[in-house]
Amino acid sequence: MTSQTPIYEARNISKSYGSVDALVGVNLKIHAGEVVGLVGDNGAGKSTLVKCLSGAHQPTSGQMLLDGKEVEWKTPHEAIEAGIETLYQESGLAPDLSVSSNVFLGREELVKGPLGRLGFLAQKSMDKKAHEDLERVGIAVPASNRAVSQLSGGQRQAVAIGRAVSWASKIIILDEPTNHLGARQAGEVLNIIERVKSEGFGVIFISHTLPHVLQVTDRVAVLRLGRLVADKPTSEFNSETLLGTITGLIGE
Ligand SMILES: Nc1ncnc2c1ncn2[C@@H]1O[C@H](COP(=O)(O)OP(=O)(O)OP(=O)(O)O)[C@@H](O)[C@H]1O
Ligand SMILES: [Mg+2]
């Protein structure tokens, strides 16, 4: 933790879908250079909170503060513009495109060409920037002009994280980034999270793999049936107490 004011804060957030109360009065703070684990059983409300924080859904009530100032996102684009990148479980990489094209997908650099305002993609500069951005967080991808379909699952996940890192300026939200990865590849993703943290980003890390959560986070927030039931430094949990808090065997 490197600063007092959280870079991002959810205050008393509730979200209802019809008669389903997915979130009830949830508070969460993320500081610069901090990795916050967000855990809970299936249906606990993790993705709903992510959707509120990333502008995909609007909370029914409550506030969100970025650098201490209240913000309201009408679209995910507004949250992205403000420096919040979200990596959803399905990362949406395009397998047939190159690494750098994936990093820049939807935000390709256009340069003015002979065709005037149509322009063309500044491929060389995108390859170079993608390579630099990935390298910065310790992502070793053979060549950024290689197609994503030729990469391993772990390398793909790394590119998806690299893409988020390359565009985020404040917060990176990772929903299950180590899912379906082998032990070594998951370890690589955890290393990347450490690097991203040391660059001063705030990170929200969602996972059902509790050893990963205990390894990489500074603090863990536990949701149960839409309510925050614990928010403590990771050092105060071990695998049994964390599991017990998630399942409710250990009370609030
Ligand atoms: N669009 C929606 N419409 C209606 N109910 C929803 C919607 N999205 C989520 N819910 C409900 O809100 C609750 C929280 O769901 P959410 O997806 O946030 O859980 P989660 O913690 O991400 O679970 P998982 O670990 O399975 O991904 C669940 O009861 C779910 O059925
Ligand atoms: Mg979810």
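FYI, it's all coordinate maths here, none of it is from the lab. Quick caveat, the model's predicted, so the values are computed rather than measured. Glycine gets a Cβ as well: all are built from the backbone with ideal geometry, and neighbour counts include every protein chain shown.
Data for the structure
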| quantity | calculated |
| --- | --- |
| Estimated 222 nm signal from helices in the chain, with DSSP H stretches of n ≥ 4 weighted -39500 (n - 2.57), rounded to 500 | -9500 deg cm²/dmol |
| Integer Hz, Karplus 6.51/-1.76/1.60 couplings in order for region 172-188, x for Gly and Pro | 10, 10, 10, 9, 6, x, 9, 4, 6, 9, x, 4, 5, 5, 4, x, 5 |
| Net +/- balance of residues flanking Gln58 in space, Cβ distance below 13 Å, scoring K and R +1, D and E -1 | +1 |
| Region 132-252 - Kirkwood radius from inverse mean 1/r over Cα pairs (Å) | 15.4 |
| Rg ratio (alpha-carbon, reference 2.2 N^0.38 Å) - the chain | 1.04 |
| With at most 12 neighbouring Cβ atoms within 10 Å, loop trypsin sites (Lys or Arg not before Pro) (DSSP) excluded, longest segment of the chain | 108-252 |
| Selected from Gly162, Gln123, Leu49, residue furthest toward positive end of dipole (the chain; charges at beta carbon) | Gln123 |
| The chain, relative contact order [Cα under 8 Å, separation at least 6], % | 26 |
| Table column - 3J(HN,Hα) (Hz), region 145-156, Karplus curve with 6.51, -1.76, 1.60, x for Gly and Pro | 9, 7, 6, 4, 5, 8, 9, 6, x, x, 5, 4 |
| Radius, Kirkwood style, for region 1-102 when every pair of distinct Cα atoms is counted (Å) | 14.9 |
| Residue among Val148, Val222, Val20 with the largest mean-square fluctuation in a Gaussian network model of the chain, springs linking Cα atoms under 10 Å | Val20 |
| Karplus-derived HN-Hα couplings along region 62-67 (A = 6.51, B = -1.76, C = 1.60, θ = phi - 60°), whole Hz, x at Gly and Pro | x, 10, 10, 10, 10, 6 |
